[in-house]
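For reference, the structure discussed in these notes is given below.
Readers should treat all values here as calculations from the given coordinates under stated rules, not as data from a laboratory. Keep in mind that this is a model prediction, so the values were computed, not measured. Note: ideal-geometry Cβ built from the backbone for every residue, glycine included; neighbour counts use all protein chains shown.
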Amino acid sequence: MTATANTFVLGAGVQWGTMLVTIATFVVLLALLKKFAWGPLKEVMDKRERDINKDIDDAEQAKVNAQKLEEENRKTLKETQDEVQKILDDAKIQARKQHEEIIHEANVRANGMIETAQSEINSQKERALADINNQVSELSVLIASKVLRKEISEQDQKALVEKYLKEAGDK
């Protein structure tokens with residue numbers, strides 16, 4: 001028998017032995033590929049997928065954190081603006097108070113100066129009137145003594161002057 005006797009021919013000359021060796025080689029090749037190529041390749045791909053997902057999660061977390069920081073910055077800015085406005089308002093109020101105090105103090109000092117001046121004017125006026133009264137009384141006595149040709153005592157003179165001044169003041 002020839003080589004054809006060892007082979008089982010199915011139809012168009014398929015050889016089962018070669019086919020079994022080919023299938024066995026293919027299965028061994030698949031097993032080796034799975035162990036040495038597909039497994040590590042799948043592991044690298046899975047790691048890459050995990051890294052990408054982690055990067056996406058980190059980016060989303062960073063975005064959330066950035067939004068929180070932005071909101072905190074807005075809040076801080078608003079608080080700072082409010083505080084600045086309050087400080088400005090307080091400064092305006094303080095300036096108004098100081099202005100009013102300065103004006104009040106100036107008015108008090110001016111009124112004090114006016115009162116002092118009026119008091120001094122009144123005392124000067126009284127001194128001047130007293131001097132005038134003394135001069136008038138002296139002149140009156142002098143005139144009266146010349147008219148009467150006699151001298152009047154100083155007490156009599158003052159009494160006469162006061163009497164005439166009272167009469168003149170009553171009119």
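Which shape class, rounded, prolate or oblate, goes with region 15-154 when its Cα gyration tensor gives a ≥ b ≥ c as root eigenvalues, a/c under 1.5 marks rounded, and past that a/b bigger than b/c marks prolate? Since a/c reaches 1.5 and a/b is larger than b/c, the shape of region 15-154 is classed as prolate. A straight Cα-to-Cα reach below 28 Å connects residue 34 with the lysines 42, 47, 54, residues fewer than 8 places away in its own chain not being considered. Here each label is just a point 7 Å from Cα along the line to Cβ, and for residue 109 and residue 23 those points are 12.1 nm apart. Computed from backbone phi with θ = phi - 60° and the Karplus coefficients 6.51, -1.76 and 1.60, the 3J(HN,Hα) list for region 89-98 is 4, 4, 5, 5, 4, 4, 4, 4, 4, 5 Hz; x is used for glycine and proline.
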